[in-house]
Structures are given as structure tokens and as C-alpha cells.
Amino acid sequence: MSRVTLSRYLIEQTRSHNTPADLRFLIEVVARACKAISHQVSKGALGGVLGSMETENVQGEVQKKLDVLSNEILLEANEWGGHLAGMASEEMDNAYQIPGRYPKGAYLLVFDPLDGSSNIDVNVSVGTIFSVLRCPERNGENGDLGEDAFLQPGTRQVAAGYAIYGPQTMLMLTLGNGVKGFTLDRELGSFVLTHDNIKVPETTQEFAINMSNQRHWEPPVTRYVEELLAGKTGPLGKDYNMRWVAAMVADVHRILTRGGLFMYPRDSREPEKPGKLRLMYEANPMSFIIEQAGGASTNGVQRILDIQPTSLHQRVAVFLGSKEEVERVTAYHQN
């Protein structure tokens, strides 16, 4: 039986689910960009891409060389195809305008070009996260695309995915009808379908959280994690294992593969901020993927995909993964 490549899968989606052709082309372009990023990541010190820049992004974070390079790869790959009306990135202050010499399309692309970049120099998995939205109707074709066009709740995403650059390079993708996993065959140069109809188990005995922040957590999180750590002798009646990769894309990939719970709560160090992770570039696409795989995702109070964004770089607390545990920690917040 012949293997199903990403291109073949997308063509079949066009036939069976009426996936628009321009969306198919857009996903293929993003996938090619991810292959280019994977190649750069794999070079490491040989390619002179390790280390930090002397610049900071809009979040005040020092940019790694590969952060900037990955951002440029995604912009250059997607700006000319005619599928996009604009782009937005965690690494850029404002929305990216499609150059006037290129045609404009019906979609918006938002992305975190290299999630977990603090892991680059120690050779631990990193990844690219992306989300596709429809561009609202505009009067006329002239003028810059404003930030408001991107401020759509996660329920309006038409596609989302991530590439993880680990021992294998994989692309996880949802078009709103389940989650598929593709592995990069470097000999063929193609992503090949290897994980079909991915499902997150409803229950789990594994969680991911940065325990070094424990003293800054709010009471519901402290209560919940203490119950996890109490194991069989505690109120939950079973032992849990903790994992923490310090890259959302790696922790979410583990959850999709074998279940689990990922938590990045707000804390008392910056009480004016509702969380650490970015809603548009990280929380929304990952929540879409997790929900399509049968899991759940909230900010502790409400479903993340229902949140109406107010700014391009808005932050949010995140609890996502196996439904039973997400519902439990959310109930602790609501009570």
C-alpha cells in the first residue's frame, strides 16, 4: 500500500470535506517552511545558528539567532503565494503586511516561529506553532491590514498545527475534523502520514508544570498539584508522574502521544498579566489541536477557544490535555 503524503492527504480533504484549494496550498507552503527550519535547527553549531542576538522581541525576551532566522523563513515562504492577507508573529511588534507587489488572499497566518528556543543550545526539542484564520471582509484593497483583523476567538480557526524538531521532525495538523500526524521522510523530502485519528486519553497519571514557580501560584493550582503529589494516599487515589520540557510544543506532543496534562498558570510575580503564554500564537492553536483530539483546554475559568482577544500579543493561563484532569483543575478555580 502506498504511503499517504501530506500533499495527497490535503488533496483528498479537498475532495471529501470541501477544503478550499487555497487553504491546501497555504498548508503546503507552511510545511515547506517547517522543513527549512528543521534543516537549520539540525545544523546546530555547524551552521553558526546557536546563541542569542542583541535584540529583544515585543515581549521583552532576548531573541535567539534561530528565532529570527525561523521568523524570516516563514515570512519569505508565505508572503508571495497569494493565499494570505497578512501575517503575525510572536517575534514582531505589529502585523506583517503582504508586500504590494504580491496578490493578497483570504487567510491570515499567525505563528510562533520557534517555540522553546531556550532549549536550542542544549539540543532539546523545539518546534513551530501556527494558526490559520479567515481575513474579515475589507472595503477596498488599499491600506495596511490592522491588528483588529487578527483579533478573532480561537473557535474561528480554520486550521492549526505545529512542527516538532526532535529525533524525528513531525507535523501535527488539524483542519477541524480530527488530528493527523505526519513524519518527515528526509530521503523523499516529504511529510508522510504516520499517525491517523489521534486521540488524547480522557484520564491520565502524568502532568507537566514548572515546579520552581510553586511559591507564586494561586491557591487552586497549589491545591491541585498537592493532590497530584499526594499520590495513592491522597484524594485522587493514584500516583502521578511529572514531566517538564520547557517547550510547550514538546509537552503538548507528549500529551497527544500518550495523554497527560500541561499547566502554565498565572502567578503573583506579575499579577497584572493573566498568564505567560501567548493566546494567539500558542494557546489558541494548541487548544484547537487538543480539542480536536478529544481533550480539553481552559484558562482555569473558561474554554480558551471562547476567549475574545483584545491585543495581538495577549497572554493567558493554560490548562490543557486529558479532559478529566482539565475539568478538575478548572473546577477548583471556579469554586
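Bear in mind these aren't lab numbers, they're just calculated from the coordinates by the rules spelled out. Quick caveat: nothing in here was measured; it's all calculated off a predicted structure. Here Cβ is always computed from backbone atoms with ideal geometry, including for glycine, and neighbour counts include all displayed protein chains.
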Helix-only CD estimate at 222 nm, as mean residue ellipticity for the chain, using -39500 (n - 2.57) per DSSP H run (n ≥ 4): -8500 deg cm²/dmol
Isotropically averaged projected area of the stretch 254-295, using the convex hull of Cα atoms (one quarter of hull area), nm²: 3.4 nm²
Label-to-label distance, nm, for residues given as residue 243 and residue 186 (7 Å Cα→Cβ offset): 2.3 nm
Principal axis dimensions, the chain - Cα atoms, whole angstrom, descending: 63, 51, 43
Bins of 10 Å, starting at 0 and running to the largest distance - Cα pair percent for the stretch 150-308: 10, 35, 35, 17, 3, 0
The stretch 106-166, Cα convex hull volume normalised per residue, Å³: 107 Å³
Dimensionless Rg ratio for the stretch 220-335, taking C-alpha atoms and the 2.2 N^0.38 Å reference: 1.03
Gaussian network model of the chain, springs between alpha carbon atoms under 10 Å - residue of 86, 116, 189 with greatest fluctuation: 189
Sites matching trypsin sites (Lys or Arg not before Pro) across the stretch 175-259 that sit in DSSP coil, with at most 13 neighbouring C-beta atoms within 10 Å: 186, 199, 238
Extension reserve of the residue 310-residue 147 stretch, reckoned as 0.36 nm per residue once the Cα distance is removed: 57.7 nm
